[in-house]
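Taking it in order: structure first as structure tokens, then the write-up.
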Amino acid sequence: MADLTIVSPMRGWAAPLDEVDDPVFAGRMLGDGVAVDPTGPELRAPCDAEVLSIHHAGHAVSLRAANGAEILMHLGLETVALGGKGFQRHIRDGDEVKQGDLLLTVDLDQVAALAKSLITPIVVTNGEDFAVVSRQVGRRVEIGDPLMVIRGGEGAQAREEAEAPAVVRTVKVPLAHGLHARPSALVAAEAKRHRADVTLAAGGRSANAKSPVAIMALGLGYDAEVEIAARGPEAQAAVAALADLIAHRLPPEPLSAEPVAKPEPKDTSPPKAGRLAGTPAAPGLAIGRAHRLIPAEIPVNEVSQGAETETLALAAALDALRSRLAGQATGPREQREIVQAHLAFLDDEDLIGAANQAIAAGQSAGAAWRGTVRGLIEIVRAIADPRIAQRADDLADLERQVLAELSGEMEPKQVLPAGAVIVADELGPGQLMGLEGDLAGICTAGGGPTSHVAILAAALGVPAVVALGRSILSVPDGAGLIVDGDSGEVRVAPDASEIEAAQTRLAERQVRLAKSRAEAAEPCRTADGVRMEVFANLGSEADAKAAMANGAEGCGLLRTEFLFLERNRAPDEDEQWRAYQTIADTLAGAPLIIRTLDIGGDKPAPFLDLPVEENPAMGLRGVRVSLWRPDLLDVQLRAILRVRPEGQCRILVPMVTSLAELKAVKDRVEAARRETGHDGSIEVGVMVETPAAAVTADLLAAEADFLSIGTNDLTQYGLAMDRGNPQMASGVDALHPAVLRLIAATTHGASSHGKLTAVCGGLAADAAGAAILIGLGVRELSAPPASIPEIKARVRALTVPGCEALAAKALDCSSAAEVRALVRASEPGG
Ligand code: PEP
Ligand code: MG
């Protein structure tokens, strides 16, 4: 027999029976079902049915549906005692009614004043033959919205199915940044497609899988195990779809591979000599005037006008904001994705349910929304993973926008004057998207470099510095500001000469960029004629094309992870070979250095069942994975060795910490060479990314054909600071003298065996990097394609003896800031 959908007979809030304050209903003594807390006066037929009876007191109606299911709707609790007061009937016993026909009208105010509660249980009373197999609760319902599904005919079987243990599956979160706002919204959208009650559970807590905020508040970081459980007619399908989505189909986050900025240490004291230091969040230089965006608290009417009025007011405010946000889902991809996540928050069953419950408990819409969202903000801020904790800003943004809609005092659209630099405590993405006019830069007291505002600013090309401390808030409107989104420095009220200097810097930057682009294809030598190879870091064929267009002389690092991400199985030899050959062809014979798979740590691979580790960054990653799964390594080596012409490719081994690892890989290269009939030898280099490799560089160089320093990881491991943790962002600087000494040890070790040292980490592209690296003996730089013209231009302006003198001084500095100051002072006009 077909399932029967029972729709809501009233407008109101749908809740589980457990929330009915009556043991008879809550204990299912009269049958299973749901309850509606009504906000409208009409009770209408929830399906086509015959009216079995209307209680003489007019407060309860029994119906029999065409399939025989008997449904009792009991208006309010202890309403029998009203003796019919407040209820007006529109039907008689024995009437045939169609779904939606009016059955009763209720005077809600009168009944509410006299009865214990208005909550209306709707239950199936012949439960021996019928079972409720799914229900939609915890949300606002209009008359006619689906409420529950009843399955019957084979009552025992239907009940068994409904009571069957949940379908359960456990998966791991493969996203480097965890299930934060945008992925949570995608997971909830998938869960909503299924007729099933679905929960996600981790760390002893569980969340409604149809609620993006509840999912986000679980704080599921990379590699977290999450249990998906579902009950209901589509439980199997729901669990399968969610497991597949979470494990394989969520859009990957960009790997934190090329840090775009190296911040100065933070200075949170009041502006000294007009200078503040924060964390760079979006690159570039801006000169402008402070435009303070320090919004007043939005007034909230604390007195409730009655639950119905307040529920409607909140619903109307949410609707108004939904349409406003929909109009902002334009512009760069990042902006569209952020708006979609905010829209999902506004449809969140748990969030809106909790606010409506607070309204039902006597709060005004504004107080209920503010209290609910602030409670959630506290939970999200307390999540240990800062990348998820930073999403609290999005909730604060939505709190404000809904309150503004409710108060009717919509913040007038801010039209910015020319050259405005926003100064704010925290800035929400909604506030940023709501701005019109000429936005030059952004300075915030709080915030983090991975927040949605930072992502948006970078996408819009607006330089931004965050985490400047509260002293930025004392900067008056109209004060001049110079915002350096590369260094994280902000100059407050610069004098005419400083402004002129910054303008000159900006203008020079434009000229320099144009000139360096024009000369990008020329080979690169220092001013005193020493050859420097400038290669590109690649992660795809598109990158290879960009590298050629930008004058790269080869590829110093092909991150092969791009072939392995988002996969259920590793790519086979042919697929890998085709990808490598295409890139080799694009490089038109120029050297191609292919790094073997560098997976693990912050680089997830769903197809690899890596063991759960307490501390994955220190565990199975890089070459350790390759030696743990040599079958994968062998396939990759054979694919590399098949690339033609022979001699174009070199092999680079990541995360090496011992000579034994290098020897083990070289043995496998030899075996693969024999198998593939590769005639000549192939160079094998070592990535120096750990202090261990740096201080034993002489031992490694005796066996390796070249060394290539990965300054991103060398900095992370050398300074014991997580490169992806925004709270460490101001300290993770490869120019720290400790890291420079490790680089010096590496070049020294390599040159003792006549081997070349390259740098392929972020320091190669850092404005202050080239001079120091050349001075330390590095002779090859490899960097993102777009940065190549500038790197070449920088190198052409340097001399080796000048760089050596500078590097010697840098090794004696006591901080990265000191090294940066030293480099600045050495530059023309510095
Ligand atoms: C590095 O660590 O500097 C490096 C180049 O490797 P990745 O950024 O891919 O870890
Ligand atoms: Mg690395």
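The values are calculated or read from the model by the stated rules, or taken from the named source; none is laboratory data. Only a predicted model underlies this, so the values are computations on that prediction, with no experimental measurement involved. FYI the Cβ positions are ideal-geometry reconstructions off the backbone, even for glycines, and counts take in every protein chain you see. Calculation scope for accessible area: heavy atoms of the full protein, side chains included, ligands and nucleic acids excluded. Shrake-Rupley method; radii C 1.70, N 1.55, O 1.52, S 1.80 Å.
For the range 1-103, no strands (runs of 3 or more DSSP E) sit wholly inside it while including 3 or more residues that are open to solvent by 50 Å² or more (accessible area, probe 1.4 Å) and of a type in the set (D, E, K, R). Within the range 506-558, being of a type outside the set (A, V, I, L, M, F, W, C) and within 16 Å of ligand 2 (Cβ to nearest atom) holds for Asn537, Gly539, Gly556. The set of residues in the range 656-665 being in contact with a strand residue (DSSP E or B) (Cβ under 6 Å, 6 or more places away or on another chain) and within 16 Å of ligand 1 (Cβ to nearest atom) consists of Val656 alone. So, Ala368, is that one outside any loop (DSSP other than H, G, I, E, B) and free of Cβ contacts under 8 Å to residues at least 40 places away in the same chain or not? When the stated conditions are applied, Ala368 does not pass them. Number of residues in the range 441-473 that are part of a helix (DSSP H, G or I), of a type in the set (A, V, I, L, M) and over 25 Å from Arg182 (Cα atoms): the value is 2. Taking the conditions (1) within 16 Å of ligand 1 (Cβ to nearest atom); (2) among the β-branched types (Val, Ile, Thr); (3) in contact (Cβ under 8 Å) with a residue 40 or more places away in the chain in turn, Thr690 satisfies each one other than (3). Just one of (1) within 24 Å of Ala701 (Cα to Cα); (2) open to solvent by 10 Å² or more (accessible area, probe 1.4 Å); (3) part of a loop (DSSP other than H, G, I, E, B) fails for Lys663. It is (3). Looking only at helices (runs of 4 or more DSSP H) that fall completely inside the range 558-655, which ones have 3 or more residues that are surrounded by fewer than 20 Cβ atoms within 10 Å (Cβ to Cβ) and either of a type in the set (S, T, N, Q) or within 16 Å of ligand 1 (Cβ to nearest atom) (or both)? Counting at least 3 such residues, we get 573-586.
Only residues that are over 22 Å from Ala825 (Cβ atoms), part of a loop (DSSP other than H, G, I, E, B) and within 16 Å of ligand 1 (Cβ to nearest atom) were counted across the range 754-798, and they come to 3.
Just one of (1) out of contact with any Pro (no Cβ under 8 Å at 6 or more places or on another chain); (2) not in a loop (DSSP other than H, G, I, E, B) fails for Asn537. It is (1). Here the condition is being open to solvent by 20 Å² or more (accessible area, probe 1.4 Å), part of a strand (DSSP E or B) and more than 25 Å from Ala320 (Cα to Cα); of Asp486, Asp438, Asp477, it holds for Asp438 alone. Per the conditions (1) farther than 22 Å from Leu587 by Cβ; (2) in contact with a Pro (Cβ under 7 Å, 6 or more places away or on another chain); (3) open to solvent by less than 40 Å² (accessible area, probe 1.4 Å), the sole criterion not satisfied by Met687 is (1). Taking the conditions (1) crowded, with 18+ Cβ neighbours inside 10 Å; (2) in a helix (DSSP H, G or I) in turn, Gln363 satisfies each one other than (2).
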